[in-house]
Amino acid sequence: MKLLVTVKRVIDYNVQIRVKADGSGVEKDNVKMSMNPPDENAVEEALRIKEAGKADEIIILSVGNDKAQETIRTALAMGADRGIHVKTENDLEPLAISKIISKVAEEEKPSIILMGKQAIDDDSNQTGQMTSALLNWPQATFASKIEIEGQNAIVTREIDEGLERIKVSIPFVASCDLRLNEPRYASLPNIMKAKKKPIDTKEASSLGINIEPRIEQIKVEEPPVRQKGIMVNDVAELVQKLKHEAKVI
């Protein structure tokens, strides 16, 4: 069984986001970048499935500029077998990413596609669902546990009401929750080995699919600075200010 895991290069979650002076986007130059955290859980789950003897190969897929290969190498250092880099200099929308994943899946024919439930930069939470629709595969989103049973999988999902267990047939698409597992750290020997693992690079324009953006980003602005609070002496004064100054009651 072959596993395809998608990873995204994003601004590290510890970095304070800054908006560009011209409002065209967020500042990425000279900023620490890393693998999207939920994607790390997807890589870890793929490794555990393989270590359990239920998968033969793990392929890492990333879409982006040349630096996306750094993220692929991180996943290879964790234990994945090979990588695919679909190269583009443009920021693509979730639908375009889903089309690329679907195209690669048609070529590689994986049994399971694993990805993070959402990316921390845009929080779209759309790619897994769209990929499932394009491939006409079952989907298991927000997975907190995955159990492979023959040609099916039992997936525990986190929903508003609690936990939901569903049964999906292979092949399927799963988006991984942060509570699925604890990603491992890459050891120094594995980091050195990852440098020799193959990465196949393709131009996004060569895939024969339409990835043109459908949404135009006009401007990015920082949220307004929160105003300083005030102290009130009693409930009566609080009610008066809420009614006459804030006008919320």
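Computed quantities for the displayed model
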| quantity | calculated |
| --- | --- |
| Set Ala186, Ala236: member being aliphatic (A, V, I, L, M) and under 23 Å from the mean Cα position of the chain (by Cα) | Ala186 |
| Options Glu27, Glu45, Glu40: the member that is in contact with a Leu (Cβ under 7 Å, 6 or more places away or on another chain) and acidic (Asp, Glu) | Glu45 |
| Residue among Lys193, Lys197, Lys219 that is farther than 30 Å from Glu158 by Cβ, among the charged types (D, E, K, R) and touching a helix residue (DSSP H, G or I) at 6+ places or on another chain (Cβ under 7 Å) | Lys197 |
| Index of the failed condition, Ala119 passing every other in (1) among the aliphatic types (A, V, I, L, M); (2) in contact with a Lys or Arg (Cβ under 6 Å, 6 or more places away or on another chain); (3) more than 15 Å from Val5 (Cα to Cα); (4) crowded, with 20+ Cβ neighbours inside 10 Å | (3) |
| Cβ pairs under 9 Å, 6+ apart, first in region 194-207 and without any contact (Cβ under 8 Å) to a residue 12 or more places away in the chain, second not in a strand (DSSP E or B) | none |
| Hits in region 201-249 - residues which are open to solvent by 100 Å² or more (accessible area, probe 1.4 Å) and of a type in the set (Lys, Arg) | Arg214, Lys219, Arg226, Lys228, Lys243, Lys247 |
| Residues satisfying the stated conditions in region 100-116, i.e. touching a residue at least 60 places away in the same chain (Cβ under 8 Å) and open to solvent by less than 50 Å² (accessible area, probe 1.4 Å) | Ile100, Ile101, Val104, Ala105, Glu108, Pro110, Ser111, Ile112, Ile113, Leu114, Met115, Gly116 |
| Residues satisfying the stated conditions in region 136-193, i.e. in contact with a strand residue (DSSP E or B) (Cβ under 7 Å, 6 or more places away or on another chain), closer than 21 Å to Glu106 by Cβ and either open to solvent by 50 Å² or more (accessible area, probe 1.4 Å) or not in a strand (DSSP E or B) (or both) | Trp137, Pro138, Gln139, Gln151, Ser169, Ile170, Pro171 |
| Entirely in region 1-43, the strands (runs of 3 or more DSSP E) that have 3 or more residues that are more than 27 Å from Glu216 (Cβ to Cβ) and open to solvent by less than 10 Å² (accessible area, probe 1.4 Å) | 2-6 |
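The values are calculated or read from the model by the stated rules, or taken from the named source; none is laboratory data. Note that the structure is predicted; figures quoted are calculated from it, not measured. Positions of Cβ are backbone-derived with ideal geometry, glycine not excepted, and every protein chain shown enters the neighbour counts. Areas reflect the complete protein model, heavy atoms only, side chains present, ligands, DNA and RNA absent. Shrake-Rupley method; radii C 1.70, N 1.55, O 1.52, S 1.80 Å.
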